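See below for the structure under consideration.
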Amino acid sequence: MTLALDALDRLESEAVHIFREVAGEFDRPVILFSGGKDSTLLLHLAVKAFWPAPVPFPLLHVDTGHNFDEVIRFRDEVVARHGLRLEVARVQDYLDDGRLAERPDGTRNPLQTVPLLDAITANRFDAVFGGGRRDEERARAKERIFSLRNAFGQWEPRRQRPELWNLYNGRHRAGEHVRVFPLSNWTELDVWRYIARERVELPPIYYAHRREVYLRDGMWLARGPWGGPREGEELLEKTVRYRTVGDGSCTGAVESEAADIDAVIAEVAASRLTERGATRADDRLSEAAMEDRKREGYF
């Protein structure tokens, strides 16, 4: 008798298989973990993959310094709960010693690439798990689950390998590494339905709450250490939630009354814009903003 799996079961099974495959093929994997919903789901799946043993990989957060307090508190609580080792690469350290300079627009998301690559090199990580999904953005839709990066951390589309029948090729030369995306085939709706099924805890900013925001380029931005409204931009208190969480200077909120997970699922099911397309100013810098950053070594 064959046990029938539903769509979420198949996605979970694929992700668990990928985690175990990496554990068998690579020497020093690491999981990128910011405390956002996709990296939290990634960690939940890693815990499942190796239970009852502990997760055999450390975590890495590339910290822009422009964070939402709720997310950083949640990140630290999760790390403590699972007894994991967290490496933090701080953009602020690079700004302080002159290795990087602030951008004119104030966003620090593009500045994460150098600290990320330095952390990978310093710790000799050979496989880096990320929470990227193909439905998020066009450049990510092109990427393989095992995505080879060259000795400079750059993504070269022509060097990507075919992935047939769930067979993954992790071979790489000295100095190269592989980015691994177990959530590649998930959609935003899949993520939320799985979070509901598994009762995965998330930071509260993913649900409707009151926050002071201002409108810029069609997005509701919150003021914080990264700055606030410019002249002519009015600060208003609205009921909002975040669909994705990144650098506070370029991550927009959406007006929403979805205060619980069922309401969020209904809202996502009705949406016709991806979360990054709707709420990430850094992806609007150019038509190929994400692909350009990936070629430089970005997530």
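Can you tell me which residue among Glu176, Glu201 is at pLDDT 95 or above and among the acidic types (Asp, Glu)? So that I can check it myself, show each step before the final result.
Details: Glu176 fails: at pLDDT 95 or above.
From the options Glu176, Glu201, the qualifying one is Glu201.
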(1) open to solvent by 30 Å² or more (accessible area, probe 1.4 Å); (2) at pLDDT 95 or above: which one isn't true of Ala89, the others all being true? (1)
Across the range 110-123, which residue is least open to solvent (accessible area, probe 1.4 Å) among those that are of a type in the set (Val, Ile, Thr) and closer than 27 Å to Gly224 by Cβ? Thr113
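Residues checked against (1) touching a His at 6+ places or on another chain (Cβ under 7 Å); (2) in contact (Cβ under 8 Å) with a residue 24 or more places away in the chain; (3) surrounded by 13 or more Cβ atoms within 10 Å (Cβ to Cβ):
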{"position": "Leu42", "(1), (2), (3)": "no, yes, yes"}
{"position": "Trp51", "(1), (2), (3)": "no, no, no"}
{"position": "Leu59", "(1), (2), (3)": "no, yes, yes"}
{"position": "Asp63", "(1), (2), (3)": "no, yes, yes"}
{"position": "Ile72", "(1), (2), (3)": "no, yes, yes"}
{"position": "Leu84", "(1), (2), (3)": "no, yes, yes"}
{"position": "Asp93", "(1), (2), (3)": "no, no, yes"}
{"position": "Arg108", "(1), (2), (3)": "yes, yes, yes"}
Among the residues of the range 21-40, which ones are open to solvent by 40 Å² or more (accessible area, probe 1.4 Å) and assigned to a loop (DSSP other than H, G, I, E, B)? Asp27, Arg28, Ser34
Is it true that Ile18 is surrounded by fewer than 21 Cβ atoms within 10 Å (Cβ to Cβ), assigned to a helix (DSSP H, G or I), out of contact with any Cys (no Cβ under 8 Å at 6 or more places or on another chain) and not hydroxyl-bearing (Ser, Thr, Tyr)? no
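So if I check each of Arg193, Arg161, Arg197, Arg173, which one is open to solvent by 10 Å² or more (accessible area, probe 1.4 Å), farther than 28 Å from Cys250 by Cβ and not in a loop (DSSP other than H, G, I, E, B)? Walk me through how you get there before you give the answer.
Working: Arg193 fails: farther than 28 Å from Cys250 by Cβ; Arg161 fails: not in a loop (DSSP other than H, G, I, E, B); Arg173 fails: not in a loop (DSSP other than H, G, I, E, B).
The unique qualifying residue is Arg197.
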Please go through the range 62-95 and pick out each residue that is of a type in the set (Val, Ile, Thr), within 26 Å of Trp155 (Cβ to Cβ) and outside any loop (DSSP other than H, G, I, E, B). Val62, Val88, Val91
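Name the single residue, out of those in the range 96-120 being part of a helix (DSSP H, G or I) and closer than 22 Å to Arg216 by Cα, that is modelled with the highest pLDDT. Give the derivation first.
Of the residues in the range 96-120, the ones part of a helix (DSSP H, G or I) are 96, 109-120.
Okay, now just the ones that are also closer than 22 Å to Arg216 by Cα, so 109-111.
Numbers: Asn109: 86, Pro110: 86, Leu111: 91.
It comes out as Leu111.
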Could you grab me the full set of residues in the range 124-158 that are under 13 Å from Ile18 (Cα atoms) and either surrounded by fewer than 17 Cβ atoms within 10 Å (Cβ to Cβ) or of a type in the set (A, V, I, L, M, F, W, C) (or both)? Ala127, Val128, Phe129, Ile145, Phe146
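The values are calculated or read from the model by the stated rules, or taken from the named source; none is laboratory data. All values derive from a computational prediction rather than experimental measurement. As a convention, Cβ positions derive from the backbone with ideal geometry for all residues, glycine included, and neighbour counts pool all protein chains shown. These area figures cover heavy atoms from the full protein model, side chains too; ligands, DNA and RNA do not enter into them. Shrake-Rupley method; radii C 1.70, N 1.55, O 1.52, S 1.80 Å.
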